[in-house]
Amino acid sequence: MIASSKRSPLTYLVHATVLFLVVIWTIPTAGLFVSSIRDKDQLSVSGWWTALSTSEQRIVDRANGPKTQTQEGDQFVIRGNLLTNSSAVITQFGFSSLDPEAFAAGTLAEMRNGQTLQVMANGDYALASPAQWKGSRGQRIFYTAEVPPRFTLDNYREVLSAEGLGQSFLNSLTVTIPATIIPILVAAFAAYALAWMRFPGRALLVAAVVGLLVVPLQMSLIPLLKSYNLIGEFFGVGSKTYVGIWLAHTGFGLPLAIYLLRNYIAGLPSEIIESARVDGASDFDIFRKIILPLSFPALASFAIFQFLWVWNDLLIAMVFLGNNEEHLVLTGQLRELLGSRGGNWEILTASAFITIIVPLCVFFSLQRYLVRGLLAGSVK
Amino acid sequence: MADVKLTHVKKIYSNKVEVLKDINLDIKKGEFIVFVGPSGCGKSTLLRMISGLEEISAGTLEIDGQVVNDIPPALRGIAMVFQSYALYPHMSVYDNMAFSLQIAKVGKESIDQQVRKAADMLQLTPYLDRLPKALSGGQRQRVAIGRAIVRRPKVFLFDEPLSNLDAALRVATRMEIANLKDSMPDSTMIYVTHDQVEAMTLADRIVLLSAGNIEQVGSPLDLYEHPANVFVAKFIGSPAMNVVPCRIEKTGEQTQVSLSSTVMVETPIITGSSEQAKAAFFGIRPEDLLVVATEAEGFLSGQVTFVESLGEATLLYVTVPGCEEMVIAKQAGTLKTQRGDTVHLSALPEKMHLFDDKEVSYRR
Amino acid sequence: MAQLASALVTMLLGVLGCAVYFYGSNILLDKVFPTKSGPAQKVARNLRISNTIRPWLFLGPAVLLLTFYLFYPVIDSIRLSFFDRSGDEFVGISNYVWLFGSDEFFESFRNNMLWLIVVPTAATFFGLVIATMTDRIWWGNIAKSLIFMPMAISFIGASVIWKFIYDFRSGGDAQIGLLNAVVVFFGGEPQNWITIPFWNNFFLMIILIWIQTGFAMVILSAALRGIPDETIEAAVLDGANGVQIFFKIMVPQIWGTIAVVWTTITILVLKVFDIVLAMTNGQWDTQVLANQMFDWMFRGGGDFGRGAVVAIVIMVLVIPIMIWNIKRANAEMEGR
Ligand SMILES: Nc1ncnc2c1ncn2[C@@H]1O[C@H](COP(=O)(O)OP(=O)(O)O)[C@@H](O)[C@H]1O
Ligand SMILES: [Mg+2]
């Protein structure tokens, strides 16, 4: 902006500060993403920022049961591996919770009654006993392992199938797409009428739209819920339907939609519209053939807004779709998980990332339109 | 192809301001009429009322003998060219020109034929597939005109169509519009401008408006030679006519006025005896003033305060003793006259103008 | 798959129904009152009629929806606030009496006020600072894009993200929450942040600030770029330094925009609900009005009267902004 300030030391300070802020702003999301693809055992014992370094884990496992014992000479032996499908390295092991790190890997540990346990660094173990092993459960083995970083999509696999996020994803789409398109159509027609048609009460309507812009939608919930119950009873359907939530989102999104689109449409050159009128076009022709194509940027920006808003909404979905499995949207599902699986970070992080991935993609690919829409609404 | 007749037409906007006051005008078929006047005087409003884009508050508008006050624009048989061209930015040149016909549900072939004919006439054929943003200003202007031609209107309406063009292009396009008129002798054209040169060069008749009133209607030369009042006199011609307060000393076939205690002039303008000793305004165009060698040959003398050399002409700003405003004299070529010199000015008596105390011209 | 198919069908039906209405009604109007041909006087009459009807065809659905979803509920909430829990019996102002006598209300009210002061101010301030700085560096657009990103994340998603940051492990276990890890790294004592009364409010507010700063930044950055360079150049010639230019030349010129950003965020804050619901559900002294209202609506079968009273308090808080907004829009319309 100011040429002389380009090279001053201040500039370096600016670079450093912005870098610092950007890091602060991105780290939370980055942490979520990294965590969601970490192994769930590692996730719960070490911070995600250590994801790339080897971590030390203390693990309790059980050896195979006595059923698998074989006789080798005069010894009854149970063999197996503690680290199947993992590339960890065992450093220490023990057989009692009192001293889980009693022995270095590879040494032979003496247990009761002449029994011995040997655990190798690669996880191979051998339990030997002069007498036959009894019981049905295997011996407990404590070990400390150096686990190399491990990334996996298991968390995603689990939440998508077992936790029902796949279904919720579809529900979210079913809610979001019509709840984005319908308000655009309704608002575009209304915005054109408010911008270019002459009729009594126009100024009043514009003022009403601006006023409704700030009405907290919580205000509406109780009366609407009552109305929905009545209407649902009347038609003999439940009060929680997709049509119900589409219309609710449409209603709540309309003030902003009309306001944004009216600002944009009113700003189109009047001569173009008059020219079309001289050419014989009716208002409906003008709307379809001139206004719609010319308002594309504004329509796109509102579409993005509404999409993000509906996709991210929790309140309206909870009230108008309810909490039952088959209707639960992603945000609702995430909230359920937060309640029921509050400590299972592998599930929470993966679920959260699934809920935010679509809006993030939309955001980064269409950011230009979003910014333009924001500006149309606020800067004059 | 059509007469346009305005009778007692008024325009009052919702804020109660009377923008046009009692306009009466008779435009004949095939005429090229120019509305000219300072900006804000109501030219566009008048044109838009004729087009049907603006409601007529009072009075009647007839096109071809039919009252059209309530008829929508599309059915009035008019076409309009806007100042900003108002091309549809998302449509190709072809579609821009075809739009009105498509709306009117004209057959495809017929549309194609008419669009191509108009494009040919305006040398737009190579650009038919382009979007307006890929055209130069002059080309856009021609598309706007083409869009009007395609509709084969009875009346063409132009609202300052050249004001967005640069000076050179403006002259070229002005000539194109003149040619267009020649090639369509039957079409009536109504053209709005604030530029008196455009008005003078294009018009069959000029309608000069000021503050919602028609000041004068007439041919360009008529307005130049016989301005009806001081406003018209000053508006037409550049630099503006010198108008100096004076007093009528002698009435009759030849009127004698005094500009100051020392300057007396006689012109062949008829005044009645009741005008005797009244205050009046004496007018003379800068280009009608001649620098002469001696005081005896001229009727005005004064000191040169500024000299503006334009090359093809020189403007002398002369301070005349006893006159408040400087008198401007326009002389062909360059002069040796310098600031501070005293000059003597003469003029042909028949080039002089005389206006009464209400600034209305006396009959000649 | 069946779900996908039925979802697609419902979607199509919903969108089509809407399109059919607009096309159908307008084409019907053109059929009943043709305006494209016929005798001029008849057309003129038809045109007058269809010009009177058509605006309402365009506006009809919007007006109906706005009335049903926003206007009527506001009125009905006012009515319900004077009725009992099921909304059947008139109880006078007893709901109001209850509200102003309840500790929970004062707690939510105090917290809401804190939110209202802290969040818009902080977000606008950071937005302005970042906008100013990013406008001067070559990678400013990338920086902006990253700071703007949280805007796309749902409140509930953001809550999970931040809950993870505030995570607390007791005992000597390694902290997996970033904040506690940093505290431990600097030799501090790890804390269960979101349970520390009063201060935990600020930990929740950080989430909303994190989300909203990008919004403030984008808008203020555009406003800053709209400042005529000449005014800044003139100030440079007059010998002003960078800070003086910022506060005395640039900020005054964008006051209007700052006000818009500030109020927009304020409105959002009044409605904040998801974050509190997900992080604490109002426990540990973090209750806010919107969540309290939600509580009363649904907890234990729902008390509509008390829920409505809380809603009305939120509405009253918004009214000044609403009036200011309408005034601004009116002034703008006259400027056209
Ligand atoms: N919609 C309107 N409402 C009120 N006044 C208007 C409107 N449109 C134009 N005017 C006023 O009418 C006068 C004439 O305008 P216009 O016809 O555009 O002038 P011009 O001769 O420059 O084309 C101006 O003073 C203008 O302010
Ligand atoms: Mg004009």
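In this structure the amide hydrogen of B:Tyr191, modeled in the peptide plane, comes within under 5 Å of the amide hydrogens of B:Ile33, B:Val34, B:Phe35, B:Phe158, none closer than 5 places in sequence on its chain. Around the Cα centre of the protein assembly as shown, unit charges on the Cβ atoms of Lys, Arg, Asp and Glu (plus for the first two, minus for the last two) sum to a dipole of about 1540 debye.
Taking every residue in A:19-32 and counting other chain Cβ atoms within 10 Å of its Cβ, the average works out to 6. Peptide B:45-51 has a mean shielding of 1, counted as Cβ atoms of other protein chains within 10 Å of each residue's Cβ.
Work out the length of the dipole vector of segment A:157-375 about its Cα centre, built from +1 on the beta-carbon of each Lys and Arg and -1 on the beta-carbon of each Asp and Glu, and round it to the nearest 20 debye.
Working: 13 positive and 13 negative charges, 93 e Å.
Dipole about the Cα centre, nearest 20: 440 debye.
For a straight C-alpha distance cut-off of 25 angstrom, the lysines reachable from C:Lys271 (same-chain residues fewer than eight places away being disregarded) are A:Lys226, A:Lys240, C:Lys163, C:Lys327. Using a probe of 1.4 Å on the protein chains alone, the accessible area found for A:Ile354 is around 20 Å². For segment B:284-329, the list of GluC sites (Glu not before Pro) that fall in a loop by DSSP and count at most 14 other C-beta atoms within 10 angstrom reads B:Glu295, B:Glu297, B:Glu312, B:Glu324, B:Glu325. Hey, what angle do you get for helix B:167-183 against the long axis of chain B, alpha-carbon based, 0 to 90 degrees rounded to 10? For B:167-183 against chain B, the angle is about 70 degrees. Chain A contacts chain C over a buried accessible area of about 10300 Å², both sides summed; the probe is 1.4 Å and only protein chains count. Distance between Cα centroids, segment B:260-293 to segment A:144-160: provide it in whole Å. Here the answer is 106 Å between Cα centres. Among the residues of segment B:69-90, those with an accessible-area drop of 20 Å² or more from chain alone to full protein complex, heavy atoms and 1.4 Å probe, are B:Asp70, B:Ile71, B:Pro72, B:Pro73, B:Ala74, B:Leu75, B:Phe82, B:Ser84, B:Ala86, B:Tyr88, B:Pro89, B:His90. Protein heavy-atom accessible surface, 1.4 Å probe, per residue over segment A:160-312: 30 Å².
Please identify every one of the chymotrypsin sites (Phe, Trp or Tyr not before Pro) in segment B:1-108 that sits in a loop by DSSP and has no more than 15 other beta carbons within 10 Å of its own beta carbon. Could the numbers behind the result be given before it?
Working: sites: B:Tyr13, B:Phe32, B:Phe35, B:Phe82, B:Tyr85, B:Tyr94, B:Phe99; in loops: B:Tyr13, B:Phe82, B:Tyr85.
Qualifying residues, ordered by number: B:Tyr13.
Per residue, the accessible area of segment B:4-235 comes to 41 Å² when a 1.4 Å probe rolls over the protein heavy atoms. Dividing the radius of gyration of the alpha carbons in segment C:2-80 by their Kirkwood radius gives 1.20 for Rg/Rh. For segment A:55-147, a simple Cβ point-charge model (Lys and Arg +1, Asp and Glu -1, everything else neutral) yields a dipole of about 440 debye relative to the Cα centre. In chain C, with Lys and Arg counted as +1 and Asp and Glu as -1 at Cβ, which of these residues, C:Trp98, C:Gly157, C:Thr67, has the Cα nearest the positive end of the dipole, that is, farthest along it? So the residue furthest toward the plus end is C:Thr67. Dipole of chain A computed with +1 at Lys/Arg Cβ and -1 at Asp/Glu Cβ about the Cα centre; of A:Gly106, A:Ser282, A:Tyr125, farthest Cα towards the positive end is A:Ser282. What whole-number distance in Å separates the alpha-carbon centres of segment C:72-100 and segment A:215-245? Comparing the Cα centres of segment C:72-100 and segment A:215-245, I get a distance of 19 Å. In this structure the amide hydrogen of A:Gly80, modeled in the peptide plane, comes within under 5 Å of the amide hydrogens of A:Tyr125, none closer than 5 places in sequence on its chain. With Rh defined as the Kirkwood radius, the inverse of the mean 1/r over Cα pairs, the Rg/Rh of segment B:1-85 is 0.94. For B:Lys105, give me every one of the lysines with a C-alpha distance below 16 angstrom, ignoring sequence neighbours fewer than eight places off in its own chain. The reachable lysines, counting only those whose Cα sits under 16 Å from B:Lys105, are A:Lys289, C:Lys31, C:Lys36. Restricting attention to segment C:1-96, which trypsin sites (Lys or Arg not before Pro) occupy a DSSP loop and are surrounded by at most 14 other Cβ atoms within 10 Å? Counting only loop positions with at most 14 other Cβ atoms within 10 Å, none of the trypsin sites (Lys or Arg not before Pro) in segment C:1-96 qualifies. Buried by at least 30 Å² relative to the chain on its own: which residues of segment A:286-312 qualify, computing accessible area with a 1.4 Å probe on protein heavy atoms? Residues passing the criterion (a loss of at least 30 Å², heavy atoms only) are A:Arg288, A:Lys289, A:Ile290, A:Leu294, A:Asn312. Can you pick out the pairs among B:Lys250/B:Lys336; B:Lys154/C:Lys42; B:Lys278/B:Lys336; B:Lys5/B:Lys181; B:Lys108/B:Lys133 whose Cα atoms lie more than 31 Å from each other? Violating the 31 Å limit, Cα to Cα: B:Lys250/B:Lys336; B:Lys278/B:Lys336. Note on the protein assembly as shown: with neighbouring protein chains present and a 1.4 Å probe, carbon and sulfur make up 60 percent of its accessible heavy-atom surface. Pick out, from A:Thr68, A:Phe142, A:Ile78, the residue whose Cα sits farthest towards the positive end of the charge dipole of segment A:55-147, with +1 on the Cβ of Lys and Arg and -1 on the Cβ of Asp and Glu. Result: A:Thr68, furthest along the dipole toward the positive end.
Tell me the angle of helix A:218-235 to the major Cα principal axis of chain A, expressed in degrees between 0 and 90 and rounded to the nearest ten. Around 90 degrees separate the two axes. Chain C against chain B buries an accessible area of about 600 Å², both chains summed, 1.4 Å probe radius. Taken over the C-alpha atoms, segment C:67-214 has Rg and Dmax values of 21.5, 65 angstrom.
Counting only protein heavy atoms and a 1.4 Å probe, segment C:2-80 has 53 square angstrom of accessible area per residue.
Suppose R0 equals 25 Å. What FRET efficiency, 1/(1 + (r/R0)^6) with r the Cβ-Cβ distance, do C:Ser6 and C:Asn281 give to the nearest 0.05? Kindly include the intermediate steps, with their values, before the conclusion.
Details: r = 34 Å, r/R0 = 1.36.
It comes to 0.15.
Taking all pairs of different Cα atoms in segment A:157-375, averaging 1/r and flipping that mean, what Kirkwood radius in angstroms comes out? Spell out each step's value before the answer.
Details: mean 1/r = 0.0521 Å⁻¹.
Answer for segment A:157-375: a Kirkwood hydrodynamic radius of 19.2 Å.
The aspartates and glutamates within cross-link reach of A:Lys67, meaning a Cα-to-Cα straight distance under 17 Å and a gap of 8 or more places when in the same chain, come to none at all.
Please give the total accessible area that chains B and A bury against each other, computed with a 1.4 Å probe and expressed in Å² to the nearest 100.
The buried area between B and A, both sides summed, comes to about 1700 Å².
Calculated from DSSP H runs of 4 or more alone, at -39500 (n - 2.57) each and per residue, what is the 222 nm mean residue ellipticity of the protein assembly as shown, nearest 500? So the helix-based figure for the protein assembly as shown works out to -16000 deg cm²/dmol.
The values are calculated or read from the model by the stated rules, or taken from the named source; none is laboratory data. If you're wondering where the values come from, they're calculated on a predicted model, not measured in any experiment. Backbone-built Cβ (ideal geometry, glycine too); neighbour counts: all protein chains shown. Only protein heavy atoms, including side chains, enter the accessible area calculation; ligands, DNA and RNA are left aside. Shrake-Rupley method; radii C 1.70, N 1.55, O 1.52, S 1.80 Å.
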